[in-house]
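Working notes, beginning with the structure itself.
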Amino acid sequence: MFEKIKGSAKSPARPAIPQILNGLIGGFAGIGVVAYLAEVSNLPLLMAPFGATCVLLFAAPAAPLAQPRNVVLGHLIAASVGLLVLNILGAGLFQMALGVGVAIALMQVFRAVHPPAGANPLVVILGGVTDWWFLVTPVLIGALTLVLIALVLNNLGKGKNWPVYWA
């Protein structure tokens, strides 16, 4: 039984310095720009799951979970589920569990799995967000901003090509 859980491979190698710097600069720029836009527009653009989105976009940009479709649709799907659950069933432990479970299932159905978005129903339900405008700001505008920054940073330098796919 313990044979299965010990793992069968070595830990991955440390990324090269340029990739580490891409993560540093991307995380700083991504959250910095989203936070700045939130401040100057007086709109709530910042969500905690965007920090985890930055990890995927700038530290593992080739991963399927870090592609634009997954980032944008994943966040929209999961936040929509959170809003739907909260507006219909209210807040509670069952509702949070249901929201995350349904969000995961729908992201799979729509081929837009993005793990950081799995926290969106929790953000919505714990925050008591009932306004559907939340899907536009912070969700859509924030996700698109991060994707645009990734388009620039992940294509700087010779041989870099991001995204891997759009649809």
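From the list Gly101, Gly74, the lone residue that is in a helix (DSSP H, G or I) and open to solvent by less than 30 Å² (accessible area, probe 1.4 Å) is Gly74.
Of all the residues in segment 135-144, those that are buried (at least 21 other Cβ atoms within 10 Å of the Cβ) and either among the small types (Gly, Ala, Ser) or at pLDDT 95 or above (or both) number 3.
The single condition among (1) without any contact (Cβ under 8 Å) to a residue 60 or more places away in the chain; (2) part of a helix (DSSP H, G or I) that Ala143 does not satisfy is (1).
Checking Leu57, Leu65, Leu43 one by one, the residue that is of a type in the set (A, V, I, L, M, F, W, C), farther than 15 Å from Leu148 by Cβ and at pLDDT 95 or above is Leu65 and no other.
Taken across segment 106-126, residues that are surrounded by 19 or more Cβ atoms within 10 Å (Cβ to Cβ) and free of Cβ contacts under 8 Å to residues at least 40 places away in the same chain do occur, with at least one present.
The values are calculated or read from the model by the stated rules, or taken from the named source; none is laboratory data. Computed from a prediction, not measured in an experiment: that's the story for all the values here. Glycine gets a Cβ as well: all are built from the backbone with ideal geometry, and neighbour counts include every protein chain shown. SASA here: full protein model, heavy atoms, side chains in, ligands and nucleic acids out. Shrake-Rupley method; radii C 1.70, N 1.55, O 1.52, S 1.80 Å.
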